[in-house]
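Coordinate-derived values only; no laboratory data. Note that the structure is a prediction, hence the values are computed from the model and not measured. Cβ: placed from backbone, ideal geometry, glycine included. Neighbour counts: every protein chain shown.
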Amino acid sequence: MRNLLLAGVAAVMILPTAAQAQSNVEGRVGKLESEMRAVQRKVFPNGAGGYVQPEITAPQTQAQAPGVPATSALADLTSRVTSLEEQMANLTGQIEQNGFRTRQLQEQFDAYRRGTEARLKALEAGPAPIAPAGQSAPLDTGTPAPTASTRPTKTPAAVVASGDTAAPAAAGGAAVEKPSTGDAAEDAYLYGYRLWAAKRYPEAEAQLKKVVADYPKSRRASYAQNLLGRTYLDSGKPSLASMAFYENYKKFPDGERAPESLMYLGQALTKLNKAADACKVYDELSDVYGAKLSGAMKGQVAAGRSAAKCQ
């Protein structure tokens, strides 16, 4: 009788202890599950569809005969805790690996961007384009360039007086005189041309832009936009030159200097190491303006295609 009484007392003391242990384990499980969900939200931010499913699930409980001690619940909770701890360790490792790969990609991209910017700056600072051997680049004169068979003969004095084919003078020379013909658009363009001929490129750029802005309907707008591109090209800025030439062809396709702009655009793209695009420009020039090209321009186009290695 005494032994039965002691067994009953021991059972009463053990039951609260087991219940308390189970409660502690359940608390750990709940905490680990909430932490794992937080980690999963960080690894898979696009929604619950990407959550990692638990590798170990609680086993299906089986009905036990009355009187059999229910000791499997604590073992199940311990198994769940172990599974959650392993998943937490795996997810933490994945986060660290993803962070390392992201930093590597960012560093590679930054290095590529710095290299590209350096190459573009080097191209922008390159020398001005050289005319093909045996030919001189046609000046953007006051009248369309005539062919060799119809080129008029002028004395140097007449050329300077008309202000259309003066050879470029050394930079830093005497002040450039503003023309006065009575035609505002004509005077504005000729002044920009004289600044370019004197190699005063920054002043020429500003003046030629002003001509295009102030007199967009004048025939000189096509001349000014084309000469703006040549100014950029001569001052070692092929990227800006290519944009100026393309703008002239786009805005003034029927302008008198549209064919020249396509020809110089091909030269600028070749300097920018875009030979394939240069070949497309030369093809466009031949398709659109082939019948209007002078013999000199056809020779320059052929030289340009050869420099770009066009097929």
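Quick notes on this structure:
- The numbered conditions (1) under 30 Å from A185 (Cα atoms); (2) surrounded by 23 or more Cβ atoms within 10 Å (Cβ to Cβ) are all true for T270 except (1).
- Exclusive hit being of a type in the set (A, V, I, L, M, F, W, C), closer than 30 Å to Q311 by Cα, touching a helix residue (DSSP H, G or I) at 6+ places or on another chain (Cβ under 8 Å) and touching a residue at least 12 places away in the same chain (Cβ under 8 Å), set L227, L208: L227
- Some residue of the range 206-217 being of a type in the set (G, A, S) and surrounded by 24 or more Cβ atoms within 10 Å (Cβ to Cβ): no
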